[in-house]
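**Student:** Below is a structure I'd like to ask you about.
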Amino acid sequence: MNMLFAGYRFKNRLMSRITPSRTAKGALNKFIRPRRSQLKGWEANAETQGIRFSLNNDISAIRWLSQYSDTSAEQKTLLLVHGWESRATQMYGLVPKLLALGYQVIGVDMPAHGHSLGKISHAEAFVQTVLLAQEKLGDFDAVVGHSLGAGASSLAIARGLITKKLVLISGPSSIENVLRSFSRFVGLNNHATDKFLHHASELVGRKPSEMDAINVNGDIEVATLIIHDHHDIEVPISESKRLMPKFVNAELYTTTGLGHRKILKSTAVIDKISAFLK
């Protein structure tokens with residue numbers, strides 16, 4: 001932890017006692033503004049392999065097609081949903097195997113991420129963007145989400161997302177858990193954390209309980225592969241285990257030592273996903 005962030009946490013701990021609501025609003029304002037990182041070299045190559053297009057004036061997407069595909073024939077379509085402070089190209093490690101299975105692969109940059117416009121984003125915006133992709137492109141044969149993209153995909157299923165197969169990688173089951181984890185991380189006390197959740201609910205127009213996949217009505221029956229690493233410190237594996245009773249046709253596949261991000265480039269994980277989607 002650097003000195004600047006340590007000072008920020010100390011200030012939040014102090015101000016949580018004095019002005020909890022104002023301090024919570026400040027933390028929320030920071031939380032909803034994702035950082036954009038520079039495109040990596042291998043991602044630039046991924047961009048050249050795909051075709052950019054727009055879902056609307058703000059949302060950018062990219063389509064990857066196999067060079068052997070007959071574009072006149074009907075193809076299976078797979079949607080990639082990236083995580084927080086990520087972008088579609090950071091999931092490109094999965095793409096070659098998916099193309100080999102006969103899918104056209106579409107990755108969408110979430111609001112305020114990648115090529116998409118905007119300065120603020122949040123879980124509800126992710127969910128709405130997944131549903132927008134379906135509205136514009138039609139139903140998907142498969143959806144693969146990572147991190148918050150996995151959490152948003154599981155929530156979108158309950159709101160009308162249609163797919164034959166779903167892959168959830170390192171995702172949260174409860175957005176409230178994500179918010180509470182962040183609030184603790186930045187030094188908010190319990191009272192300020194409650195204010196933080198209240199302000200977040202007002203911002204997105206939904207209560208925390210509505211952003212919890214296990215609280216949706218009825219069981220989720222879509223065939224689902226849930227993948228998580230035992231050593232994930234960003235989203236604990238307990239989040240995926242918590243989903244299992246709700247996803248009645250799900251398999252939990254666990255890894256060790258890959259953490260939260262390396263899991264997307266693991267040969268074993270990519271092979272597991274390919275076998276599931278085959």
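Just so you know, all these numbers are worked out from the coordinates, no wet-lab data involved. In this text, all values refer to a predicted model and were calculated from it rather than measured experimentally. A quick note on method: Cβ atoms are made from the backbone with ideal geometry, for glycine too, and the neighbour counts reach across all protein chains shown.
**Student:** Taking the alpha-carbon distance from LYS165 and a cut-off under 25 Å, which lysines remain once sequence neighbours fewer than 8 residues away in the same chain are dropped?
**Tutor:** The qualifying lysines are LYS76, LYS97, LYS136, LYS241, LYS246, LYS262, LYS265, LYS272, LYS278.
**Student:** Based on the alpha-carbon gyration tensor of region 232-271 and its eigenvalue square roots a ≥ b ≥ c, which shape applies: rounded if a/c is under 1.5, prolate if not and a/b is larger than b/c, or oblate?
**Tutor:** Oblate is the answer for region 232-271, as a/c is 1.5 or above yet b/c matches or exceeds a/b.
**Student:** Based on the alpha-carbon gyration tensor of region 146-278 and its eigenvalue square roots a ≥ b ≥ c, which shape applies: rounded if a/c is under 1.5, prolate if not and a/b is larger than b/c, or oblate?
**Tutor:** It is oblate, given that a/c is not under 1.5 and a/b is not larger than b/c.
**Student:** Taking θ = phi - 60°, what integer Hz values does the Karplus form 6.51 cos²θ - 1.76 cosθ + 1.60 yield along region 29-41, in sequence order, with x for Gly and Pro?
**Tutor:** Ordered by residue, 3J(HN,Hα) equals 4, 6, 5, 7, 10, x, 7, 9, 9, 5, 5, 7, x Hz.
**Student:** Applying the Karplus parametrisation 6.51 cos²θ - 1.76 cosθ + 1.60 with θ = phi - 60° to the phi angles of region 140-151, what ³J(HN,Hα) value in whole Hz is obtained for each residue in order, glycine and proline being reported as x?
**Tutor:** Using θ = phi - 60°, the values come out as 9, 6, 8, 10, 10, x, 10, 6, 4, x, 6, x Hz.
**Student:** Take every Cα-Cα distance within region 35-160, group them into 5 Å bins from 0 onward, and report for each bin the whole-number percent of pairs it holds.
**Tutor:** 2, 11, 23, 25, 21, 12, 4, 1
**Student:** So, one more: Could you give me the ³J(HN,Hα) list for region 82-93, computed from phi with Karplus coefficients 6.51, -1.76, 1.60 and θ = phi - 60°, whole Hz, x at Gly and Pro?
**Tutor:** Once θ is set to phi - 60°, the couplings for region 82-93 become 6, x, 5, 6, 10, 6, 4, 5, 6, 9, 5, x Hz.
**Student:** Select from PHE276, LEU155, VAL178 the residue farthest towards the positive end of the dipole of the chain; place +1 on Cβ of Lys and Arg, -1 on Cβ of Asp and Glu, and compute about the Cα centre.
**Tutor:** VAL178
**Student:** Continuing with the same structure: What is the sum of charges, Lys and Arg at +1 and Asp and Glu at -1, for the other residues whose Cβ falls under 13 Å from the Cβ of LEU258?
**Tutor:** +1
**Student:** Contour minus end-to-end for ARG261 and ARG159, with contour as 0.36 nm per residue of separation and end-to-end as the Cα-Cα distance?
**Tutor:** Details: separation 102, 0.36 × 102 = 36.72 nm, distance 2.75 nm.
The ARG261-ARG159 span can extend by a further 34.0 nm.
**Student:** Counting alpha carbon pairs within less than 8 Å and at least 6 residues apart, what relative contact order, in whole percent, applies to region 45-202?
**Tutor:** Numbers: 269 pairs, mean separation 31.1, N = 158.
For region 45-202, the relative contact order is 20 percent.
**Student:** Please report the orientation-averaged projected area of region 209-278, defined via the convex hull of its C-alpha atoms, in nm².
**Tutor:** Average projection, Cα convex hull of region 209-278: 5.1 nm².
**Student:** Can you put ARG184, ARG87 in order of Cβ neighbours within 10 angstrom, beginning with the fewest?
**Tutor:** ARG184, ARG87
**Student:** Straight-line reach only, C-alpha to C-alpha below 17 angstrom: list the lysines that LYS119 could link to, leaving out same-chain residues fewer than 8 apart.
**Tutor:** LYS25, LYS30
**Student:** If you don't mind, there's one more thing I want to ask. Let me make sure I get this right: for the chain, a, b and c are the square roots of the gyration tensor eigenvalues over alpha carbons, sorted descending. Under 1.5 in a/c it's rounded, otherwise prolate if a/b > b/c, else oblate. Which is it?
**Tutor:** It is prolate, given that a/c is not under 1.5 and a/b is the larger ratio.
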